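I have placed the structure first, in the form of structure tokens, so that the comments after it can refer back to it.
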Amino acid sequence: MKPKRISILLQVLLVFVTVLALLETAHAQGASARQVVTLEVLELNRIDINMMSLTLTIQDANAQAGITIPAANSDGVLFWTTNGENKKITVASSNASPRFELKLMAVDVTPRAGVPVPEIIFNDTQTKDFITGVTKTSGRCQIRYTASAPIQAGVGRETYVITYTITGS
Amino acid sequence: MLTAIIRSLRGQTLALSVLVIVLASETSQAQPVDVRGGNQTLSITTGFAGGEPVAVTNTNSALRYRRQAQTSKITVRTSCPGQNFNLSVEAQGVTRGVAAPAVQLVNGMLDTDFIVNIPNSGFRQTTVTLLYTASATFAQGNSAEFGNDVHTVTYTILAQ
Amino acid sequence: MKRPARLLFPVLLSVYVLAASSESVQAQTYGSDFHRVTVTVATITLLQTNIGSINLSITGSSVIAGQDLMTVSDQSSTLLWGTNSSGKKVTVRTNLAAPKYSLKVAAINPTSGTAASEVTLSTTSTDFLLNIGRSSGSCAIRYTALALASQGTGSDVHTITFTITNQ
């Protein structure tokens, strides 16, 4: 090919490339805008209860058996949510040496939201497992308290502060 | 008597002709007002998102005007059928006379004062810069949809 | 007889001068000139956000115990536009083809045009603002992220593109 033809070809190519570049620049500058959005989800654990206080009253007895009739309450509902893995819900009482007997049991636990342990007796302040196997889930259960009092415990009043915690296994 | 008048007129006609020629030649030396720099184009090409297009200015043309027998002024008007955009003009560097504030050029406008109080002495002619400013809003659209605005801008010098 | 003839020249000259000056007073215009001034306005289309990056973080306050769904919203950024063409709209899309969580976007309180319904972002352009032809304006951008507790922890990074296009 003659040098003159090559020169013309190069010039045409240059003009074509320039026009393309200008068109691209105009598009990028004018017709669009960009924004980077980062969404971060960290480990979150949330636990809540619908009833902040309740009273159990033992007011009846079985004369033939010689025992008081236990009082029960299932009005409380416990809720939890976690997006973490291998969590459990524990429970602890503030009453180190109770005079009466208070038991706790989880009832109607949301399927696949955790595994309830058998009934817990609050006879000290030790933290006890309440629901285990809580992984990336949300759930709820009824909290059933059962209070009983031996005859020899007499009459009186006791207060328990019960603390529920969602924590690592 | 008639012959005497005619004879007398011959000589004086010559004098009168000389006067007329002198006047005419002075007129042909320079226009009373003269737009210099030719036709102009102002192109609005960019703007601000959330704002308006950026106005553009042009100072590539000038106006030359001559001293007149009386104090005079220059007016401006435009003709721009179907005008869509905004155009204003202002005289810059005025030393003979007083420049008016920027005049908005609107199709159908009356002659509007542009430079006033031009003295009838102290100079022969002077030149000032014409500062044109074109602006538009996004709502006014673009030339592709509405066409360009072509103004015929006329400057007139007259006794004040 | 010579005297009247001699007086004739000054008389005629006076008449000429008077006539000339009277004409001048009548017209008052000494001259005029014109030129043509053309104003052109290019097609201008502008779009920008006032903030380049947004961080959304689902925190404890976004979580309700017992609920799987966790949400967080951000309305801190603004979209600004200007177009002198008619029949335009703004669309939105993300570059993230398979996000772990759901991200929605909506135009809030546009100063001109009409906000489209809140959309879940995908790689397909979806209407964000309608009828913005020949206007300039702004609107708040509201992002709403939805994560399920059952989806666990993690993060998504979206590059969101807003585009002005023909309606």
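The values are calculated or read from the model by the stated rules, or taken from the named source; none is laboratory data. A quick note: this is a predicted structure, and the numbers were derived from the prediction, not measured. Counting neighbours? That spans all protein chains shown, and the Cβs are built from the backbone with ideal geometry, glycine included. For the accessible areas, the whole protein counts, side chains as well, though only heavy atoms, and no ligand, DNA or RNA atoms are used. Shrake-Rupley method; radii C 1.70, N 1.55, O 1.52, S 1.80 Å.
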* Report ³J(HN,Hα) in whole Hz for each residue of the stretch A:38-52, in order, from the Karplus equation J = 6.51 cos²θ - 1.76 cosθ + 1.60 where θ = phi - 60°; Gly and Pro get x. => 10, 10, 10, 10, 8, 5, 10, 10, 9, 9, 8, 9, 8, 10, 7
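Can you pull out the buried accessible area for chains C and B, both sides counted, probe 1.4 Å, rounded to the nearest 100 Å²? Write down the numbers at each step before the final one.
Numbers: alone 11490 and 9940 Å², together 17190 Å².
When C and B are taken together, about 4200 Å² of accessible area is lost.
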* Asked: What is the set of long-range amide H partners of residue A:130 at a cut-off below 5 Å, with H atoms built 1.01 Å from backbone N?
  -> A:89, A:90, A:91
* Asked: Using the alpha-carbon centroid of each, what span in Å lies between the stretch A:102-160 and the stretch B:28-80?
  -> 91 Å
* Asked: Which peptide among C:58-67, A:147-156 comes first, and what is the full order, when sorted by highest mean count of other Cβ atoms within 10 Å?
  -> C:58-67, A:147-156
* Asked: In peptide C:123-134, how many Cβ atoms from other protein chains are near each Cβ within 10 Å, on average?
  -> 1
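Between C and A, buried accessible area summed over both sides at probe 1.4 Å, in Å² to the nearest 100?
On the way: alone 11490 and 12120 Å², together 20640 Å².
Protein heavy atoms only, the C-A interface buries about 3000 Å².
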* To the nearest 10 square angstrom, what accessible area does residue C:100 show with a 1.4 Å probe? -> 90 Å²
* Hey, for a label at residue B:57 modelled as a point 7 Å past Cα toward Cβ, could you say which residues of the stretch B:102-125 have their backbone N under 17 Å away? => B:102-105
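Using heavy-atom solvent-accessible surface (probe 1.4 Å) with all chains present, what is the largest-first order of A:169, B:143?
Working: A:169 105, B:143 20 Å².
Output order, biggest surface exposure first: A:169, B:143.
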* Asked: Per-residue HN-Hα couplings for the stretch C:149-157, Karplus 6.51 cos²θ - 1.76 cosθ + 1.60 at θ = phi - 60°, whole Hz, x for Gly and Pro?
  -> 4, 5, 7, x, 8, x, 8, 10, 10
* Asked: Sorted by packing (mean other beta-carbon atoms within 10 Å per residue), highest first, where do B:85-98, B:108-121, C:30-43 land?
  -> C:30-43, B:85-98, B:108-121
* Asked: Which of C:87, C:105, C:131 sits closest to the plus end of the dipole of the stretch C:72-137, meaning its Cα is farthest towards the positive end, when Lys and Arg get +1 and Asp and Glu get -1 on the C-beta?
  -> C:87
* Does any residue of the stretch A:66-84 lose at least 20 Å² of accessible area with all protein chains in place compared with its chain alone, and if so which ones (probe 1.4 Å)? -> A:79, A:81, A:83
* What do you reckon, how do B:154, C:78 stack up by accessible area (1.4 Å probe), largest on top? -> C:78, B:154
* To do: Leaving ligands, DNA and RNA out of it, work out the accessible area of residue A:140 with a 1.4 Å probe and give it in Å² to the nearest 10.
  => 120 Å²
* **Computed accessible area, residue A:43, all protein chains, 1.4 angstrom probe, square angstrom** => 100 Å²
